[in-house]
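*Asks:* This is the structure, below, for whatever I ask next.
The values are calculated or read from the model by the stated rules, or taken from the named source; none is laboratory data. Here the structure is a predicted model, which means the values were calculated and not measured. For neighbour counting, all protein chains shown are included, and Cβ atoms are generated from backbone atoms with ideal geometry for every residue, glycine included.
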Amino acid sequence: MNSNRDSEYVDTIVIGGGQAGLAAGYHLAKQSVAFVILDAHRRIGDAWRTRWDSLRLFTPACFSRLPGMPLPASRWSFPTKDEMADYLEAYAERFELPVRTGIAVDRLERSNGRFVVTSGDARLEAENVVVATGAHQIPKLPAFASELDPRIVQLHSSEYRNPSQLQGGAVLLVGAGNSGAEIAVELAQGRHVILAGPKRGEIPVRHGTFPARLGFRAFRFFGHHVLKVDNPIGKKVGPKVLLKGPPLLRARSPELEEAGVERVPRVVGVSDGLPVLEDERVVDVANVIWCTGFRTDFGWIDLPVFGEHGQPLHWRGVVERQPGLYFLGLLFQYALSSDVLPGVGRDAKYIARHIASRHRSAAEAWERALATA
Ligand code: FAD
């Protein structure tokens, strides 16, 4: 990007070069749209690389591929997070996607009919912008986290890498979703681990087994083809499934029990520096890991495109009130699969075609104007 206030013009800017941004790039290239992808990380794939060391994908390789290129892994294996990161890097290279890394966009606005994207002193203008900055951006922590005794080591799951970050003594994991359950099983090898939060649904068979493959196919079918925003079942059931969160996949009740993880109710506050449970018990632990999820932050987008809860107002990622603006990779953007690998490619294709159709309409209008001149 230019390092002064002179603007560079690009037809389409994709902000975020994770799997969503790369899938958008693949389809934009197919539509012959000129574009660049800007990403804050130093290296393509870093959103995956910076997750905890032992993380493997929950989704099998055969359903975790981006359009046009399989993962270099056997169909029903579960690649490590570093393998996934390397795959994304190789994907960008194979399709020669123009990704500029180390560029954190700090403002998106509109001026003189164009979008203006700034990152520090650098400035780009574009006809179209695709915001693909991820649904797992900012760690969500309860306000009472700051009241914990400073002698307790506390981390959010996004900061957790491996057991060496913790001090000796018991660990409390707050939040019994997939991250909490997986980290609990890892830490239970050698210490007392407590997992707080209501029991949620879980797959009925062991993850990775043959019956689980059948279950995964069914889950994928419903999440991709049935629970969509444009059909009545999807509209009714999708948001409820989203609210509950996905079922436990690899670390379910049997695996947690086997590992010796203690289950307790939700954490509702802090008393004298220690976590307090819903049943009023106080938990004396040396470490707390908040597995309490993420929120998005679109505070850097200076455009009137958000609802009262800060969510983008769009249809399938297309922002009708701001022609040329798109979102990609949002939770339940089009279907329940929209924010995960098995679903993002379809949404990317829809958006790329929409951008290409804007060009066609503009070209046709131009031709009509010339013909009548
Ligand atoms: P991200 O991967 O978060 O990429 C967004 C990119 O945008 C980042 O590279 C970031 O640097 C960049 N960015 C953000 N803000 C800016 C800005 N202002 N300017 C420039 N760049 C910016 N899904 C699956 O399908 N299978 C799984 O097994 C799976 N496991 C998961 C495990 C964990 C622990 C988590 C948290 C999620 C998992 N997911 C999984 C869900 C989802 O697939 C991932 O979160 C995935 O990384 C989302 O891809 P994305 O491209 O939408 O966002």
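*Asks:* For segment 35-47, what are the residues that are touching a Pro at 6+ places or on another chain (Cβ under 9 Å) and over 13 Å from Ile103 (Cβ atoms)? Talk me through it step by step, then tell me what you get.
*Replies:* Just the residues of segment 35-47 that are touching a Pro at 6+ places or on another chain (Cβ under 9 Å), to begin with: 35-37.
Scanning segment 35-47 gives a single hit, Phe35.
*Asks:* Would segment 338-354 turn up any residue that is more than 16 Å from the ligand (Cβ to nearest atom), under 18 Å from Ala34 (Cβ atoms), in a helix (DSSP H, G or I) and of a type outside the set (Val, Ile, Thr)?
*Replies:* Of all residues in segment 338-354, those more than 16 Å from the ligand (Cβ to nearest atom) come to 353-354.
Now narrow it down to the ones that are under 18 Å from Ala34 (Cβ atoms): 353-354.
Next, from what is left, pick out any that are in a helix (DSSP H, G or I): 353-354.
Of the ones still in play, those that are also of a type outside the set (Val, Ile, Thr) are 353-354.
Taking every residue of segment 338-354 in turn, at least one turns out to be more than 16 Å from the ligand (Cβ to nearest atom), under 18 Å from Ala34 (Cβ atoms), in a helix (DSSP H, G or I) and of a type outside the set (Val, Ile, Thr).
*Asks:* Restricting to helices (runs of 4 or more DSSP H) lying wholly in segment 13-117: which have 3 or more residues that are within 19 Å of the chain's Cα centre (by Cα), at pLDDT 95 or above and among the aliphatic types (A, V, I, L, M)?
*Replies:* Working: elements: 19-30, 46-49, 81-94.
Passing ranges, in order: 19-30, 81-94.
*Asks:* Residue check, Leu331 against (1) of a type outside the set (S, T, N, Q); (2) surrounded by fewer than 12 Cβ atoms within 10 Å (Cβ to Cβ); (3) closer than 24 Å to Arg220 by Cα, all met but one. Which one?
*Replies:* That leaves (2) as the condition not met.
*Asks:* Any idea how many residues of segment 157-202 are touching a residue at least 60 places away in the same chain (Cβ under 8 Å), closer than 17 Å to Arg250 by Cα and in a strand (DSSP E or B)?
*Replies:* Final tally of qualifying residues: 2.
*Asks:* Right, next: Residues in segment 210-240 that are part of a helix (DSSP H, G or I), in contact with a helix residue (DSSP H, G or I) (Cβ under 8 Å, 6 or more places away or on another chain) and of a type outside the set (Phe, Trp, Tyr): how many? Steps first, please.
*Replies:* First, the residues of segment 210-240 that are part of a helix (DSSP H, G or I): 210-226, 232-240.
Now restrict to residues that are in contact with a helix residue (DSSP H, G or I) (Cβ under 8 Å, 6 or more places away or on another chain): 216, 220, 223-224, 226, 233-234.
Add one more test, that the residue is of a type outside the set (Phe, Trp, Tyr), and what stays is 220, 223-224, 226, 233-234.
Total satisfying the criteria: 6.
*Asks:* What residue, among those in segment 132-150 that are more than 11 Å from the ligand (Cβ to nearest atom), in contact (Cβ under 8 Å) with a residue 40 or more places away in the chain and within 17 Å of Phe294 (Cα to Cα), is surrounded by the most Cβ atoms within 10 Å (Cβ to Cβ)?
*Replies:* Among them, the one singled out is Ala145.
*Asks:* Do we find that Val264 is of a type outside the set (S, T, N, Q) and either away from the ligand (no atom under 16 Å from the Cβ) or exposed (fewer than 13 other Cβ atoms within 10 Å of the Cβ) (or both) in this structure? Lay out the reasoning, then the answer.
*Replies:* Working: of a type outside the set (S, T, N, Q): yes; either away from the ligand (no atom under 16 Å from the Cβ) or exposed (fewer than 13 other Cβ atoms within 10 Å of the Cβ) (or both): yes.
Answer is yes for this residue.
*Asks:* Within segment 313-328, track down each residue that is aliphatic (A, V, I, L, M), outside any loop (DSSP other than H, G, I, E, B) and either surrounded by fewer than 20 Cβ atoms within 10 Å (Cβ to Cβ) or within 14 Å of the ligand (Cβ to nearest atom) (or both).
*Replies:* Across segment 313-328, the qualifying residue is only Val318.
*Asks:* Among the listed residues Val117, Val171, Val129, Val153, which satisfies the condition of being more than 16 Å from the ligand (Cβ to nearest atom) and buried (at least 19 other Cβ atoms within 10 Å of the Cβ)?
*Replies:* On the way: Val117 fails: more than 16 Å from the ligand (Cβ to nearest atom); Val129 fails: more than 16 Å from the ligand (Cβ to nearest atom); Val153 fails: buried (at least 19 other Cβ atoms within 10 Å of the Cβ).
So the residue among Val117, Val171, Val129, Val153 that is more than 16 Å from the ligand (Cβ to nearest atom) and buried (at least 19 other Cβ atoms within 10 Å of the Cβ) is Val171.
*Asks:* Could you check segment 13-49 and list, in sequence order, the residues that are acidic (Asp, Glu) and without any contact (Cβ under 8 Å) to a residue 60 or more places away in the chain? Break it down into steps so the answer makes sense when it comes.
*Replies:* Here is the first cut: in segment 13-49, the ones acidic (Asp, Glu) are 39, 46.
Of everything in segment 13-49, just one residue is acidic (Asp, Glu) and without any contact (Cβ under 8 Å) to a residue 60 or more places away in the chain, namely Asp46.
*Asks:* Shifting gears a bit: Quick check on segment 50-60. Is at least one of its residues within 23 Å of Gly343 (Cα to Cα), in contact with an Asp or Glu (Cβ under 8 Å, 6 or more places away or on another chain) and within 13 Å of the ligand (Cβ to nearest atom)?
*Replies:* First, pick out the residues of segment 50-60 that are within 23 Å of Gly343 (Cα to Cα): 50-51, 55-60.
Now drop any that are not in contact with an Asp or Glu (Cβ under 8 Å, 6 or more places away or on another chain), which leaves 55.
If we keep only those that are within 13 Å of the ligand (Cβ to nearest atom) too, we end up with 55.
Yes: one or more hits.
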